[in-house]
Structure formats: C-alpha cells, structure tokens
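Trainee: Take a look at the following structure, please.
We did not get these values from a lab; they are worked out from the coordinates using the rules stated. Small disclaimer: the values here were computed from a predicted structure and weren't measured. Note that each Cβ is placed from the backbone with ideal geometry, even for glycine, and that neighbours are counted across all protein chains shown.
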Ligand SMILES: [Zn+2]
C-alpha cells in the first residue's frame, strides 16, 4: 500500500488522502481507535467524498459496516478527512499545525505488509514522524513502515515547530514544540534528557528505541499525552511552562509518556499487542498496572531525576491519595473491573461516574505506591524489581506477557508469608479500602490533614450554577440532581455559590430554590463539613531500624538496575 497525505489549504481543515490499492478484491479497514486510547472513535465518520478509480474510470466503493469498505484493486482510492479536534489522538489541521495519528486517516488492507507514507510538507514547516528523519518543506516527506502496526504507531506532526535535539546513551532524541509558548526550550531539553537517563537507569541497558520524537502541542487549555514505541505526543496549555507548579505538570507528563516506551508499548499483556485489530476493542484486566504504574513512575522518575523536590514529591503523592478518597465510586469498582471496562466507563465519563467507578490511573498509582512500600517492608524488594522482571521476561523480547503474570511475579517478590494473597485480592480484585496508612507506616510516614476549608460542603460538582454531578455520600444526595440550576439559598439569590457556602457553618439546614427540567422546585438539605482536600505525607522523626531501611531505599530515589 502507498499513501499520500496532503494538507491542501490548511485553513479548510481537511486532509486529502490518496491510497494506491494493490490488485484483487480488497476489504479495507478504517480504524476505529488508536492504541493507548481505549475508546471506539469510528474515525471513518470524519471522511467524505470517498471514491475510487482505475486509470480514470470510476469504481464502486462498497460500505460493509462502520469501518470496512470494499474496493476492487488495482485502483486509486481518494477521500478527504475533516481535522478539527485538537488532541493527541485525533486529526487536526489549520494554518499553524497539522497533526494525525495514522489510525485517524489511513485505511489498511486485510493482509497488508509494508507501506509507504508520503506527506506533503508546506513551505517553512517541519514534518516529524517516528518512522524516520524529520523533513523541512516545501517537500514531500516519505517514510517506510514494516507493517500496519508500525505505521499506525507513528504520529505525524506538521508545523513551524521549534526543535531541540539531545542524545542519551548514544540515541538521538528530538523535541518539537509548537511556537508561542512561554517556556525555556534549552531547559526543557536538559530536563527531558534527565528524565530519559533516569528511566533508562531504572530498567538498565539503555533505551529500547533507535531514536525518539517527542512532540509538544500547545493550546489555550488542555492536557494530554499519547505514547508510541519510538515517540510520544503531549498537549499542554500554551502559557504553562514558566510557573514552577505548571512546569512540574509538563515534566511529569513527559516522564509519563516516555515511561510508556517500556511500560505499555513493550511491557504489556499479550491481549494488548504487539499486533492489534483496529476494528474492535482489546480488553485487559491490567490497565491499572500499565497506566497506574506509569503514573506512579512518572512521579518517581521526575523525583529521581531531580526535577521535583522531595517535599513536592511527597505532596504530589499525597494529592493522589486525597483525590482517591474523594471518589465514592472506589467502593463500587475494583481495579481489574475499571481496567476491563475502560472502553465504556473511563473513556466515556458521565454524571454518575464519580459514584460508580474509579480511575485505574488514580487508584492504580495509589495501590502501586502502597505495594512498593509493602514489598520493601516484606522482602526488601520493590515495584522497581517487578517492573524490571516484566521487562526482562517479556518486554525486552517483544512479547506480551500472559495475564496473571504481574500477580505471580509480585507474589514471588513479596516472599509470601500467607497474607499476600489477601492483600492482592483486597487491593486489585476487590473494593476494600486501600491500606495506605499501614503501607506508609513501613517507612515511618504519617498522613496529616491540612486545615479544612471554611464554610459548608454540598457534595455536588457544579458548572456555574448548574449541577454536574452529585456525590452519593454527600449532603446533596437525594436533594439535588444533575441538571438542576441553583437559583437561591434561603430566599437569597445566588451570585457566587462558593462565596455563599463559605459563610454558612457546616450542619446548617438550608432551603435551595432551583429549576429542574423547567419546573421551579424547593429542596431542603443539611450542609456538610468540607472533606480535607489537603492531605500531606509527613516523615515521622522517631522511627525504628526497619522503617529507616524502607524509607531510605524508597526515598533515595530510583534504585538503578543491578549491573
Ligand atoms: Zn499513560
């Protein structure tokens, strides 16, 4: 197969795609999803003017279902794809940027082998793609892919990017960033190199790719990332690179996506690669390890690389714990179920999500933190060892591991005394509360709540004055409903709800006037005490020798792979 992608007039937001289809009756698949982002997006819905011809004679394109077309080759297939969703996983095109993951744009044949991808690069723009060297326009970039999975794992970014190169362990890394941001690109390159070095040190033996392209997209608002085998794409707010806490979000996001070059892209269950079907879901119970583990290690790596202080590291972990505790859905969904149902739950959030589910990113990270301290306490081993065992046993060899392997390896590392199975069942398979205080105690760390916010708490998320969701364990449960528009409290019109609640002592009965589905309704409720959103992990002074050992091994940073 041969593909040619043209941005046409970028102001019109349509990529023009031409596919040279080989001989024979061909069933073509237009992918419905992009690996790493577990939602059926049916990318074919963005295509129009789909037509085929052989030497100028029109041929039919038969639609078989939402993601399959049939044509008779040899022929040339042409279509346009609308590209106006700016994210790391969807096509976007305007006069400043062209971006696509090939799953967004390109069909593939059933038995497709190698493919050639040609992209027209406008004048003054740079085209980056992990398939090969960047190309500066005006030019036709041409890259070769071994097979469909290789092609679909190689995002193409086009634009007048800034570029900084750095080399780690002899391997070239390129950082492309959209212009107009407020950061220091030299500092970013230095910090990114430290991240790469720290992660390579954890796994031992260098980096697993021949070259790495990191692309940072920027927008007025937004946050996201998508991992690939030989690169990653980040999205951050355009003016979020100067203020230290915002810059912290950039380096930890970069550490996260880069860590995926190991965990997810090479360490994964055998149900999640290396080959994919692009017209159906791939389910696994292990996303908590893949994503939660990567959240935990983005923190460990950024701290180990010296980009986040010990104080901030502890605070950031404590913030994860506070967010976990603020999600009542943790009592209703296990980590395994959250992983399995990613396609219909985490990626399709709704008003009931906080009550019925828990993110495998968030709880995964929290549980793996607890697991790390448990292992260090029980056997002096750690999740670093677990990550390395998965790498050495499977990832390094390009194989997926059989589901159940993470548990088996963790059990070996724990040096099971008969209680590990119960720990695992409670934390991974069940919905019991995470034994965080016990885990932290192994390192002599206490959870200390900061001052509660003054005033009252309703237990409802609001978008302006409209209720977005209601916590099932909060004062508003049964009184307010998503969609309610709040009008007045105790007869006084609400101007700013947060200000108003600050002046009401917890435990006060209030009458809320609201509009619900066009009707005016009066509801009474008793306000609650705000949950402590400010939790801290505090190092205790008086600790015993065992706690000192765990704390030192854990806080000294990442333990490098034994050489
Ligand atoms: Zn991730």
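Trainee: At a 10 Å Cβ-Cβ cut-off, how would you order 243, 120, fewest neighbours first?
Mentor: Numbers: 243 11, 120 20.
The fewest-first ordering by Cβ neighbours comes to 243, 120.
Trainee: Sticking with this structure for a sec: Post the alpha-carbon centroid distance, the range 405-462 to the range 507-558, in whole angstrom.
Mentor: 15 Å
Trainee: How big is the range 454-509 by Rg and Dmax over its Cα atoms, in Å?
Mentor: When restricted to Cα atoms, the range 454-509 yields Rg and Dmax of 10.6, 27 Å.
Trainee: What's the FRET efficiency of residue 542 with residue 309 using the Cβ-Cβ distance as r and R₀ = 25 Å, to the nearest 0.05?
Mentor: With R0 = 25 Å, the Cβ-Cβ based efficiency is 0.55.
Trainee: Work the Kirkwood hydrodynamic radius out for the range 190-230: mean of 1/r over every pair of different alpha-carbon atoms, inverted, in Å.
Mentor: Values: mean 1/r = 0.0817 Å⁻¹.
Hydrodynamic radius (Kirkwood, Cα only) of the range 190-230 equals 12.2 Å.
Trainee: Viscosity 1.002 mPa s, temperature 20 °C: what is the translational diffusion coefficient of the range 328-391 from Stokes-Einstein with a Kirkwood Rh over Cα pairs, rounded to a whole number of µm²/s? Working shown, then result.
Mentor: Numbers: Rh = 13.0 Å.
D = 165 µm²/s.
Trainee: Here's another thing I want to ask about it. Report the label-to-label distance for residue 66 and residue 497 in nanometres (one decimal), using points 7 Å from each Cα along the Cα→Cβ vector.
Mentor: The two pseudo-label positions are separated by 3.3 nm.
Trainee: How do 187, 315, 345, 363 line up, fewest other C-beta atoms within 10 Å first? Numbers along the way, then the final one.
Mentor: Numbers: 187 12, 315 15, 345 22, 363 28.
Taking fewest neighbouring Cβ atoms as first place, the list is 187, 315, 345, 363.
Trainee: Using only C-alpha atoms and all pairs of different ones, pull out the Kirkwood radius for the range 432-554 in Å with one decimal.
Mentor: Kirkwood radius, the range 432-554: 17.0 Å.
Trainee: Here is a follow-up. Restricting to the chain, compute how many DSSP beta bridges are antiparallel as a %, nearest 5.
Mentor: On the way: 89 of 108 bridges.
So the antiparallel bridges amount to about 80 percent of the total.
Trainee: To continue, here is another question. Whole number please: convex hull volume per residue of the Cα set in the range 326-480, in Å³?
Mentor: Details: hull volume 22.4 nm³, N = 155.
Looking at the range 326-480, the number lands at 145 Å³ per residue.
Trainee: Taking every alpha carbon pair in the range 77-191, what does the distance histogram look like in 5 angstrom bins from 0, in percent?
Mentor: Pair shares across the bins are 2, 10, 19, 21, 22, 14, 7, 3, 1, 0.
Trainee: When only alpha-carbon atoms are used, what values of Rg and Dmax, in angstrom, describe the range 1-127?
Mentor: Radius of gyration, then largest Cα-Cα span, for the range 1-127: 14.3, 41 Å.
Trainee: Could you give the distance between the Cα centres of the range 139-167 and the range 73-103, to the whole Å?
Mentor: Centre-to-centre (Cα) distance: 14 Å.
Trainee: Sticking with this one: First obtain the Kirkwood hydrodynamic radius of the range 173-246 from its Cα pairs, then insert it into the Stokes-Einstein equation at 37 °C and 0.692 mPa s, and state the resulting D in µm² per second as a whole number.
Mentor: Working: Rh = 13.3 Å.
Answer, rounded: 248 µm²/s.
Trainee: Can you compute the modelled spin-label distance between residue 534 and residue 416, with each label point 7 Å from Cα toward Cβ, in nm?
Mentor: In this crude label model, residue 534 to residue 416 measures out at 4.5 nm.
Trainee: Hey, could you grab the Kirkwood Rh for the range 2-71? Inverse mean 1/r over distinct alpha carbon pairs, Å, one decimal. List each step's numbers first, then the result.
Mentor: Values: mean 1/r = 0.0722 Å⁻¹.
The Cα-based Kirkwood calculation yields 13.8 Å.
Trainee: Once you place label points 7 Å from the Cα toward the Cβ at residue 171 and residue 248, how far apart are they in nm?
Mentor: So the two model labels end up 2.9 nm from each other.
Trainee: Hey, what's the Cα Rg ratio for the range 223-323 versus the globular rule of thumb, 2.2 N^0.38 Å? Write down the numbers at each step before the final one.
Mentor: Numbers: Rg = 14.9 Å, N = 101, 2.2 N^0.38 = 12.7 Å.
Normalised by 2.2 N^0.38 Å, the Cα Rg of the range 223-323 equals 1.18.
Trainee: If a/c stays under 1.5 just call it rounded; otherwise compare a/b with b/c (prolate if a/b is bigger, oblate if not). Do that for the range 124-270, with a ≥ b ≥ c from the square roots of the Cα gyration tensor eigenvalues.
Mentor: Numbers: a/c = 1.55, a/b = 1.07, b/c = 1.44.
Because a/c hits 1.5 or more and a/b fails to exceed b/c, the range 124-270 counts as oblate.
Trainee: By how many nm would the segment from residue 426 to residue 348 lengthen if fully extended, with 0.36 nm per residue of separation less the alpha-carbon distance? If you can, show how the numbers build up before the last one.
Mentor: Working: separation 78, 0.36 × 78 = 28.08 nm, distance 2.62 nm.
So the chain would gain 25.5 nm between residue 426 and residue 348.
Trainee: Express the Stokes-Einstein translational diffusion coefficient of the chain in µm² s⁻¹, to the nearest whole number, given a Kirkwood radius over alpha-carbon pairs, 10 °C and a viscosity of 1.306 mPa s. Kindly include the intermediate steps, with their values, before the conclusion.
Mentor: Details: Rh = 25.7 Å.
Calculated translational D: 62 µm²/s.
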